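The structure appears right after this line, and notes come after that.
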Amino acid sequence: MPATEESSAGARGAPSGDAPAPFPATQPLPRLVHPALLASVFVIATSGLVYELITGTLASYVLGDSVTQFSFVIGLYLFAMGIGSYLSQYIESRLLERFVEIELGVALVGGLSAPMLFRVYTALGAFRALLYSLVLLIGVLVGLEIPLLIRLLNFSLDLKRLVARVLTLDYIGALAASLLFPSLLLPRLGIHHTSLFFGMLNAAVALTSTFLFPLDRAVVVRLRALCLIVIAGLGVAFALVSRFVERAEALYFGAPIVYAAQSPYQRIVVTKSPRTTRLFLNGNLQFSSDDEHRYHEVLVHPAVAALGREPRRALILGGGDGLAARELLRYPSVEQILLVDLDDAVTSAFRDLPLAADLNQGSLRDPRVAVRNEDAFKYLEESTESFDLAIVDFPDPGNYAIGKLYTDAFYHLLRQRLSVRGLAVVQATSPHYARESFWCVVATLEAAGFKTAPLHVYVPSFGEWGFILAGGEGLSAPGTLRIDPSRLRYLDSSGLPELFRFPRDLGRVEAPINRLNDQKLVSVYTREWAEWTR
């Protein structure tokens, strides 16, 4: 009876001590064993990094501060891989069986990681506990795989060539994952289908491995049956996960979903109830149709009033929903609006989706509005255009990717795009829930050479919310609107001065300047909002 892979000691099958050789010296090995197992290394490396990117992405979506979350996930994953590699030395027999079983474990845990995390986030809580448990478990299992593969391949190559080839394929697989995930997998498959697809790949590697070495018939039957069950189970989950996500999201958002999409940057969800339409990005509410007019009227019209003249050319940075553009288009003097928003999935939805276009009154289809989908920082660096008015409407600075758009460096670039006596208005989070953060944005604008006039408004969906007018030496709070108040739903000239008055509990506090090299605002903002959610 041919020997199985009880031990892989010794190069090219040469036994070491009394340990049996993995295969009899007289038995020729299948020619495809070596390349097939090396291909397995590539799949293992790619899938392992994909699972790491999936958990890191979900952590940044849910917990914010992508730098912190990715740093912690990567560090924990590598640490767990080290534990797995260390533990591999205690697997001394039945290497191929153990390898197949471990591979199936990776397939199940990694493949189901995104749906499990999503389910916990939308229904059960304890997201962090599950997240870090999954990262640890996947890391340990992946750490076990490569040492076992090296020992299985040790009969066919000398150690020097073996380690070189295995590690080369390992690193190439990691590169493939890092390139494919943001450019193809996330935007095309989505995060749930991606995790399940790679789970099936891992299970396929396990199944293929059972054909490469001689094993007892009973063992072969058991392993192949397990592989087929796992592949079938993940395949069913792959087919049904869209329905699962839709139902879970509908439960989480509390209203029927009329549009959902995954872009390379974020999860976009639009819900519609009998009373209101809402936009969510990565689960965070961006606006509610029953009170967004308060936000957008205060964002736009006091700035136009403070400008002191009719605006002709306006720049909107962010604002891909077209609602700020809607307010600007109320002024007949406006000749051109350039809207720069990173995510074309958002601007396309609010241009083409009838429900969304109704909300912005077709502003993104207006011939006076030009849309450019690119990074706002990059646009300001490269642009030579000049504008009378700039409306800066970015999400809150909950991570460093967005935090750079609140730095003095960004505001220096913004000043260069404003014409003489030009003016900007900046969305600046809540002066109530994130008081220091709000005044940090004020201090940062002033450090960039702007004169500022902060203002605030109560928006029921968000609470007290703040904005900042930023201009030259002549900037002052306006006393009257430049638009007929009957065209607006909330704002009028009599209430305009009150927007610029800050009560004592919202008043200015000492706050740092947010610079590109440290981005202190992100940590301040994260801390302040965390205090309100405890």
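The values are calculated or read from the model by the stated rules, or taken from the named source; none is laboratory data. Not measured: the values here are computed from a predicted model. Here Cβ is always computed from backbone atoms with ideal geometry, including for glycine, and neighbour counts include all displayed protein chains. Only protein heavy atoms, including side chains, enter the accessible area calculation; ligands, DNA and RNA are left aside. Shrake-Rupley method; radii C 1.70, N 1.55, O 1.52, S 1.80 Å.
Of A428, A424, A434, A477, all but one fail to be out of contact with any Cys (no Cβ under 6 Å at 6 or more places or on another chain), of a type outside the set (S, T, N, Q) and open to solvent by 10 Å² or more (accessible area, probe 1.4 Å); the exception is A477. A single entry from Y433, Y411, Y458 fulfils the requirement of being under 24 Å from R326 (Cβ atoms) and either in contact with a strand residue (DSSP E or B) (Cβ under 9 Å, 6 or more places away or on another chain) or of a type in the set (S, T, N, Q) (or both): Y458.
Among the candidates L380, L414, L445, the residue that is over 27 Å from the mean Cα position of the chain (by Cα), crowded, with 22+ Cβ neighbours inside 10 Å and at pLDDT 95 or above is uniquely L445. Scanning the stretch 450-474 for residues that are in a strand (DSSP E or B), open to solvent by 40 Å² or more (accessible area, probe 1.4 Å) and among the aromatic types (F, W, Y) yields a count of 1.
Say we look at the stretch 505-534 and pick out the residues that are modelled with pLDDT under 95 and among the small types (G, A, S); which of these is most open to solvent (accessible area, probe 1.4 Å)? That would be S523. No other residue among V346, V392 is assigned to a strand (DSSP E or B) and under 30 Å from A530 (Cα atoms) apart from V392. Checking each residue in the stretch 485-521 for being closer than 26 Å to L323 by Cα and part of a helix (DSSP H, G or I) picks out P485, S486, R487, S493, S494, G495, L496, P497, E498, L499.
Listed here are the helices (runs of 4 or more DSSP H) enclosed by the stretch 29-133 that have at least 1 residues being out of contact with any helix residue (DSSP H, G or I) (no Cβ under 7 Å at 6 or more places or on another chain) and modelled with pLDDT of 90 or more: 66-87, 95-111. Within the stretch 488-501, residues that are farther than 14 Å from R330 by Cβ and free of Cβ contacts under 8 Å to residues at least 12 places away in the same chain have Cβ atoms under 9 Å from residues that are open to solvent by less than 70 Å² (accessible area, probe 1.4 Å) and part of a helix (DSSP H, G or I) in these pairs: D492/P485; S494/P485, counting only partners at least 6 apart in sequence or on another chain.
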